[in-house]
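Chemist: Below you'll find the structure I mean.
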Amino acid sequence: MKRTIGNWVALLVFTAAAVYLSWLIIQPFVEVIIWAAVLAVVSYPVYVRWRQRKWGPSLSAMWTTIFVVLVIVVPLALVGMMLARQVPAAISGVQRAIPLLLDPETRLYQYMDRHVDLDRFRDPQWLAEKGRVIGAAAASRSVSLVGDLFGIVIKMFFVLFTLYYLLKDADRIVPALREALPLDPQQADAVFRNSREVISASLNGVMVISAIQGAIGGVTFWLLGLPSALLWGVVMFLLSMIPLAGAAIVWVPAAIYLAVSGHWVKAVLLVVAGGVIGVIDNLLRPGVVGERTRLHELIVFFSVLGGLQVFGVLGLVVGPVVVSVTMSLVEVFRQMGQPTIEPVRTPQAS
């Protein structure tokens, strides 16, 4: 008996050590695996269409990966390169706009000065110092981005490589994950279904709506002659994905700047475009996203911000998914704790 207990303890220790070492090995690639998993969920319908054409798993996974490269990776790379060029111009534009917005002769300044002390913001030395700090940070970030370009390319290769095998072996991976969960088949299916719906709602729903809002905002900025239209369009796209935030954080100050600088017609047009952006959000979000996330807006808000803090840009999707899976597991435990009521059996006549 003692020998049996000793064997179990030794097995437990060696298993824990092996799991820990495996975690150390896999930890540098966790972000790669998560990115590949998200892309696999999004592109899986395309993979299924290739399979329906009687193509094998390998060929279908290859063409689906190529589709992801052409539709997602290449456009994002081009937008990223254009954004890197517009950042310095955007910083210069903000620096030029601040003195105009803080002109003591304007009604806006006089109204705000009654509630907030704006004298410090009118100090040229303070503004110059803050401008140098922001410029240095942007310059260092750009240099860092260029220096990490090789690493980004390698990471993207790993993501696509992992995506290929996740699609190719999906018929074996998904059942294996279901069996690995210590849950009943119905409970495991519920967890997977909730996760899939949250990912679908976050990407196919929220991102599409945010992309439409960002596109309208960016095109409006470009038509009105505002600088760095692409950059501000991308910023509005990102802000639109965060609940309770929205593109108004960008276009409202821009409309105020146009009004203060005397461009009233452009300011009105920008406000109209901002209203259209808000209407699109109110009209499309309930129909496209609906109740699929099953999360309160406040929970989504903190899960997105927390996800951004932990996972970076990937947190926009991973944050709500982690919270949704957690709530699904808690619901499973809650149901397991409830007593089951056996149905009353009526006696049958012999």
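Chemist: Tell me the residue from I216, I199, I209, I173 that is surrounded by fewer than 16 Cβ atoms within 10 Å (Cβ to Cβ), in contact with a helix residue (DSSP H, G or I) (Cβ under 7 Å, 6 or more places away or on another chain), of a type in the set (V, I, T) and assigned to a helix (DSSP H, G or I), please. If you could, list the steps in order and put the result at the bottom.
Modeler: Numbers: I216 fails: surrounded by fewer than 16 Cβ atoms within 10 Å (Cβ to Cβ); I199 fails: surrounded by fewer than 16 Cβ atoms within 10 Å (Cβ to Cβ); I209 fails: surrounded by fewer than 16 Cβ atoms within 10 Å (Cβ to Cβ).
Being surrounded by fewer than 16 Cβ atoms within 10 Å (Cβ to Cβ), in contact with a helix residue (DSSP H, G or I) (Cβ under 7 Å, 6 or more places away or on another chain), of a type in the set (V, I, T) and assigned to a helix (DSSP H, G or I) holds for just one of I216, I199, I209, I173, which is I173.
Chemist: G56: of a type outside the set (A, V, I, L, M), open to solvent by less than 40 Å² (accessible area, probe 1.4 Å) and at pLDDT below 85, yes or no? Reasoning before the result, please.
Modeler: Values: of a type outside the set (A, V, I, L, M): yes; open to solvent by less than 40 Å² (accessible area, probe 1.4 Å): yes; at pLDDT below 85: no.
Criteria not met by G56.
Chemist: Could I ask something else about it? Every residue in region 182-196 that is part of a loop (DSSP other than H, G, I, E, B) and either buried (at least 16 other Cβ atoms within 10 Å of the Cβ) or of a type in the set (S, T, N, Q) (or both), please.
Modeler: Pass one, region 182-196, residues part of a loop (DSSP other than H, G, I, E, B): 182-184.
The one that is part of a loop (DSSP other than H, G, I, E, B) and either buried (at least 16 other Cβ atoms within 10 Å of the Cβ) or of a type in the set (S, T, N, Q) (or both): L183.
Chemist: For L226, all conditions in the list (1) closer than 20 Å to V48 by Cβ; (2) open to solvent by less than 40 Å² (accessible area, probe 1.4 Å) hold save one; what is the number of the exception?
Modeler: The one condition L226 does not meet is (1).
The values are calculated or read from the model by the stated rules, or taken from the named source; none is laboratory data. Predicted, not measured: the structure shown is a model, and the values here were computed from it. Please note: Cβ atoms are built from the backbone with ideal geometry, for glycine as well, and neighbour counts cover all protein chains shown. Each accessible area value is taken on the protein alone, full model and side chains, heavy atoms only, with ligands, DNA and RNA left out. Shrake-Rupley method; radii C 1.70, N 1.55, O 1.52, S 1.80 Å.
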